[in-house]
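One structure below.
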Amino acid sequence: MKDYLKAILSGLLLAFAFPKFNLEFLAWFALVPLLFSIYSGNARRALALGWVTGLVFYFISMSWVVNTLINYGNIPPVLSWLILGLLVAYLGLYLGLFAYLVNRFSKRHPVYLFLLAPVTWTALEYLRSVHSVYGFSWQGLGYSQFQSLPVIQMASITGVYGISALIVLVNAGLFVLLHPGFEPYPVWQKYRRRIGATTITLLLMCVGYGGWTLKQEPVYSNPPVRVGLIQGNIPQQMKWDPAYRNEVLRRYRNLTLKAAVLQPDLMVWPEAVTPFYFGKDIAGTEYVLKVVRDSKTPLLLGSPAIEATMDLSAPGDPVSTHLYNSAYFVSAEGEPQGRYDKIHLVPFGEFVPFRSLLFFIDKLVVGIGDFERGREIKVFKQGNHKFAVSICFEIIFPDLVRQPVKQGANYLVNITNDAWFGNSAASYQHMSMVAMRAVENRVPIVRAANTGITGTVDAYGRIIDATEIFEADWIIARIQPSHSRPGFYSTYGDIFSQVCVLLVPLFAFMGSRAKPPSTFGWV
């Protein structure tokens with residue numbers, strides 16, 4: 001029973017390390033109770049204990065899912081809690097597998113536990129995030145440190161996964177140093193000293209690198225790019241209700257013209273801001289283009305897009321239609337310059353996976369059918385700078401976001417509609433991931449959200465000019481686009497994480513061949 005209480009404690013500490021609690025220091029020892037609980041038992045028991053930690057962690061930190069399902073999916077409360085439970089059970093299995101592998105292959109040997117824990121955690125976190133359709137990187141451990149600027153600078157090399165690895169390494173080091181069972185056996189003291197020295201050295205090196213990096217921040221001589229970010233605060237229930245169409249458009253027009261007085265270089269509206277298909281609905285499209293011409297400012301806006309596939313044997317007769325969640329770039333003269341279609345869609349939010357089996361489930365986005373995935377990265381040019389856009393959920397995927405930077409984007413734009421989240425921690429969790437993408441790619445990111453959080457993140461992860469949620473507002477962001485060559489992470493991606501994936505079987509093999517602790521009088 002005590003071991004399960006320790007596992008629960010680890011889950012609580014992990015949950016409180018993330019937004020909105022923001023007690024990020026807890027992450028550095030949150031896993032120590034779990035490591036104590038799994039150390040002496042067998043691997044199956046470790047799996048159960050790790051799963052318990054995951055259940056507690058994800059149940060607390062992702063409870064906002066219930067609000068989304070009830071209020072926007074029209075799913076009964078009992079079923080909504082059941083769906084949350086299934087999601088939490090799935091995510092918790094990754095912590096269970098972490099505990100199982102560490103227990104199974106370290107064989108209670110502190111050195112192999114210390115080696116296995118960070119690479120195993122990182123490999124699992126990476127693997128659950130990379131699938132092009134079903135990947136889900138929400139609440140990766142490294143995101144807990146988004147406010148600790150010296151810590152997160154290493155993400156420009158390792159990605160966010162490197163920060164997760166460092167946190168787990170410190171947890172494993174603390175466990176070895178604190179475990180009272182090590183004291184009676186002098187033969188193990190050298191391992192404790194070496195593990196302690198390694199832990200402290202790596203932590204100081206990473207934080208020291210971050211501090212040094214922050215001091216190297218360049219002094220910019222060029223004037224900043226000024227971006228108007230519009231937060232219309234349109235309730236989700238209003239977005240696709242024809243009765244509110246004119247109100248939605250008027251609100252964005254008024255906020256845009258107010259921001260335009262300060263003559264920004266670019267205006268940004270949020271995801272799916274138009275309650276029609278931009279470019280297809282003639283009246284609605286012309287209204288938006290007139291706003292652009294009146295503001296004399298280029299506009300990036302989110303809108304659903306529709307395309308028809310024609311049967312060449314019967315011209316004019318559409319065979320099928322294709323729907324996309326898109327972003328349109330319009331020049332100051334009101335001329336469309338290009339469109340980006342969202343590549344990584346939200347399962348059950350924008351499409352229903354395995355629809356032939358789950359025919360009884362509908363998706364959360366009302367008034368429109370299933371979206372299809374976009375096919376290519378787009379980089380737009382405005383003035384002397386290039387930028388790329390990510391739509392909502394896409395910002396949580398490091399490899400996807402780095403691609404346009406590798407292709408020459410000088411800054412990034414994220415448009416989103418976080419109204420689904422309600423007044424919960426989810427909007428703040430989402431923003432923490434935006435901060436990490438900026439650091440990984442060393443470019444600023446501007447973000448326009450329908451209900452917030454709208455704001456700016458500089459190339460070092462500082463969140464600037466963040467709005468309050470559920471308020472109609474506008475801001476003029478001032479950013480310094482990066483014209484340096486793409487950095488290590490932008491260029492090479494998740495090499496660090498992939499190395500961790502390879503190290504797991506290597507360390508597991510080494511641990512499985514190690515002499516059992518009883519050989520040294522270890523109990």
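The numbers here are math on the coordinates, done by the rules we state, and not lab data. Since we're looking at a predicted model, the values are computed, not measured. Positions of Cβ are generated from backbone atoms using ideal geometry, with glycine treated the same way; all protein chains shown enter the neighbour counts.
What is the spin-label model distance, in nm, from PHE509 to ASN423 if the labels are put 7 Å beyond Cα along the C-beta direction?
5.7
So for the chain, taking the charge dipole from beta-carbon charges (+1 Lys/Arg, -1 Asp/Glu), which of LEU34, LEU124, TYR340 sits furthest toward the positive end?
Farthest towards the positive end: LEU34.
Just the Cα atoms of the range 428-523, one point each, no solvent: what log10 I(q)/I(0) does Debye give at q = 0.11, 0.12 Å⁻¹?
-0.54, -0.58
For the range 186-313, treating each Cα as an identical point scatterer without solvent, what Debye log10 I(q)/I(0) comes out at q = 0.13, 0.22 1/Å?
One equal scatterer on each Cα of the range 186-313 leads to -0.69, -1.24.
Under a crude label model (7 Å from the Cα following the beta-carbon direction), how far is ALA472 from ASN74 in nanometres?
Each label point lies 7 Å from its Cα, and together they span 2.7 nm.
What FRET efficiency, computed as 1/(1 + (r/R0)^6) with R0 = 22 Å and r the Cβ-Cβ distance, is obtained for LEU204 and GLN147, rounded to the nearest 0.05? Show your work: numbers first, answer last.
Numbers: r = 20 Å, r/R0 = 0.90.
So the FRET efficiency works out to roughly 0.65.
Could you tell me what a quarter of the Cα convex hull surface of the range 167-231 works out to, in nm² with one decimal place? Don't skip to the answer; put the middle values down first.
Numbers: hull surface 32.2 nm².
Taking the Cα atoms of the range 167-231, their convex hull projects to 8.0 nm² on average.
Measure off 7 Å from each Cα along the Cα-to-Cβ vector at ALA43 and VAL219, then give the distance between these two points in nanometres to one decimal.
Distance between the two pseudo-spin positions: 5.9 nm.
Could you pull out every whole DSSP H run in the chain that spans at least 15 Å of Cα extent along its own axis and averages -1.0 or higher on the Kyte-Doolittle scale?
Working: long enough: 2-16 (21 Å, 1.07); 43-61 (27 Å, 1.15); 77-106 (43 Å, 1.57); 110-127 (25 Å, 1.23); 160-178 (28 Å, 2.36); 189-215 (39 Å, 0.07); 245-260 (23 Å, -0.95); 282-295 (20 Å, 0.29); 426-441 (23 Å, -0.10); 495-513 (28 Å, 1.66).
Those that clear 15 Å and a mean of -1.0 are 2-16, 43-61, 77-106, 110-127, 160-178, 189-215, 245-260, 282-295, 426-441, 495-513.
For a Förster distance of 30 Å, can you work out the FRET efficiency between the beta-carbons of THR491 and TRP212, rounded to the nearest 0.05? List each step's numbers first, then the result.
On the way: r = 21 Å, r/R0 = 0.70.
FRET efficiency, THR491 to TRP212: 0.90.
For the chain, calculate the relative contact order in percent as a whole number, restricting contacts to Cα pairs under 8 Å that are 6 or more residues apart.
For the chain, the relative contact order is 17 percent.
Starting with the fewest neighbours, write out LYS2, LYS239, LYS406 ranked by other beta-carbon atoms found within 10 Å of each beta-carbon. Before the final figure, lay out the partial values.
Values: LYS2 8, LYS239 21, LYS406 16.
Going from sparsest to densest Cβ surroundings: LYS2, LYS406, LYS239.
Could you give the semi-axes, largest first, of the ellipsoid that matches the range 375-431, computed as the square roots of 5 times the alpha carbon gyration tensor eigenvalues and rounded to whole Å? If you can, show how the numbers build up before the last one.
Numbers: eigenvalues 125, 28, 17 Å².
In descending order the semi-axes read 25, 12, 9 Å.
Less than 12 Å Cβ to Cβ from GLY162, Lys/Arg counted +1 and Asp/Glu -1: what total charge do the surrounding residues give? Numbers along the way, then the final one.
Working: positive: none; negative: GLU125, GLU440, ASP494.
Taking every Cβ under 12 Å from that of GLY162, the sum is -3.
Report the convex hull volume per residue for the chain, counting only C-alpha atoms, in Å³. Write down the numbers at each step before the final one.
Numbers: hull volume 81.9 nm³, N = 523.
Normalising the Cα hull of the chain by residue number yields 157 Å³.
According to the Kirkwood expression over distinct Cα-Cα pairs, how big is the hydrodynamic radius of the range 95-222, in Å?
Working: mean 1/r = 0.0617 Å⁻¹.
Its Kirkwood hydrodynamic radius stands at 16.2 Å.
If we count GluC sites (Glu not before Pro) as exposed when they sit in a DSSP loop and have at most 16 other beta carbons within 10 Å, what is the longest stretch of the chain that avoids them all? List each step's numbers first, then the result.
Numbers: sites that count: GLU333, GLU376, GLU468, GLU471.
Longest site-free region, per DSSP loop and neighbour criteria: 1-332.
Ratio of alpha-carbon Rg to the 2.2 N^0.38 Å globular estimate for the range 32-87, to two decimals, please.
Working: Rg = 15.2 Å, N = 56, 2.2 N^0.38 = 10.2 Å.
Its radius of gyration relative to the 2.2 N^0.38 Å reference: 1.49.
Sort out the exposed loop chymotrypsin sites (Phe, Trp or Tyr not before Pro) in the chain (DSSP loop, at most 10 other Cβ within 10 Å) and tell me the longest stretch that has none. Present the calculation step by step, with values, prior to reporting the outcome.
Details: sites that count: TYR134, TYR220, PHE354, PHE359, PHE360.
Within the chain, the longest run free of exposed chymotrypsin sites (Phe, Trp or Tyr not before Pro) spans 361-523.
Take the alpha carbon atoms of the range 399-417, find their center, do the same for the range 23-92, and report the distance between the two centers in whole angstrom.
31
Let me know the Rg and Dmax you get for the range 449-492 when you use only its Cα atoms, in Å.
That works out to 13.7, 40 Å for Rg and Dmax.
Exactly which trypsin sites (Lys or Arg not before Pro) in the range 408-486 are in a DSSP loop and have at most 13 other Cβ atoms within 10 Å?
Those that pass, being in a loop and sparsely packed, number zero.
May I ask you to give the average projected area over all directions of the convex hull of the Cα atoms of the range 62-114, in nm² rounded to one decimal?
Details: hull surface 17.4 nm².
Taking the Cα atoms of the range 62-114, their convex hull projects to 4.4 nm² on average.
Residue by residue, what Karplus-based ³J(HN,Hα) values in Hz, rounded to whole numbers, does the range 263-275 have, using 6.51, -1.76 and 1.60 with θ = phi - 60° and x for Gly and Pro?
My calculation for the range 263-275 gives 6, x, 7, 8, 10, 10, 9, x, 5, 6, 6, 8, x Hz in order.
What does the helix-only formula give at 222 nm for the chain: each DSSP H stretch with n ≥ 4 adding -39500 (n - 2.57), the total divided by the residues, and the result rounded to the nearest 500 deg cm²/dmol?
Working: 17 runs with 236 residues, N = 523.
The helix contribution divided over the chain gives -14500 deg cm²/dmol.
Placing +1 at every Lys and Arg Cβ and -1 at every Asp and Glu Cβ, with all other atoms neutral, what dipole size does the chain have around its Cα centre, in debye to the nearest 20? Intermediate results must be reported in sequence, preceding the final value.
Numbers: 44 positive and 33 negative charges, 378 e Å.
In total the dipole reaches around 1820 debye.
Need the full-extension length gain, MET238 to LEU12, defined as separation in residues times 0.36 nm minus the C-alpha distance. One decimal, nm.
On the way: separation 226, 0.36 × 226 = 81.36 nm, distance 3.69 nm.
Gain in length upon complete extension: 77.7 nm.
Between SER320 and GLU376, take the C-beta separation as r, use R0 = 25 Å, and let me know the FRET efficiency to the nearest 0.05. The partial results should precede the final answer.
Working: r = 20 Å, r/R0 = 0.82.
E between SER320 and GLU376, to the nearest 0.05, is 0.75.
Non-local amide H neighbours of GLN337 (under 5 Å, H modeled in plane, Pro and chain starts lacking H): which ones?
Placed amide hydrogens put PHE329, VAL330, SER331 under 5 Å from GLN337.
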